[in-house]
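The structure appears below as structure tokens.
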């Protein structure tokens with residue numbers, strides 16, 4: 001079992017920046033004002049849901065606890081600037097650094113779980129808002145740009161993406177349940 005104390009302060013900051021970077025990576029993949037707001041807010045919801053799960057690895061529990069602190073998150077948000085492709089390149093470096101530390105220091109099973117969790121977080125972020133169309137007509141849950149970004153993240157994280165459409169169906173089921 002890996003704990004927060006197994007990391008230096010700088011390693012811990014780098015590790016925590018990984019999930020934030022995956023969230024922002026999806027937001028940048030297909031920018032829209034209202035969609036981006038919903039996608040950014042998806043992170044808070046996902047962290048709360050993850051924290052409530054009793055069977056997550058202890059390392060992820062420590063990570064989520066720190067990521068739930070708004071001041072910690074503010075301090076971790078990367079200073080990224082430029083066009084979307086430049087920003088995505090900067091975010092990839094942050095994600096690579098987080099994965100390298102995770103794989104070096106964490107128990108292999110915990111590392112695999114957390115890398116998959118980071119990708120699942122990205123999928124839920126992509127599904128948080130409908131994209132395209134006009135007044136919802138012709139919109140899609142996950143845009144082609146977001147699908148491409150999810151595939152890129154799967155490669156970076158060394159995980160398999162869920163079957164295409166699975167996260168869209170889950171998000172729509174959640175919308176229907178909350179409407180009842």
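A short reminder: the numbers here are calculations on the coordinates, not readings from a lab. Since the model is a prediction, treat every value here as computed from it, not as a measurement. Using ideal geometry, Cβ is built from the backbone for each residue, glycine included, and neighbour counts are taken over all protein chains shown.
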query: Among 146-158, 1-13, how do they line up from the highest to the lowest mean number of other beta-carbon atoms within 10 Å?
result: 146-158, 1-13
query: For region 1-127, what log10 I(q)/I(0) values come out of the Debye formula at q = 0.12, 0.17 1/Å, with one point per alpha carbon and no solvent?
result: -0.42, -0.85
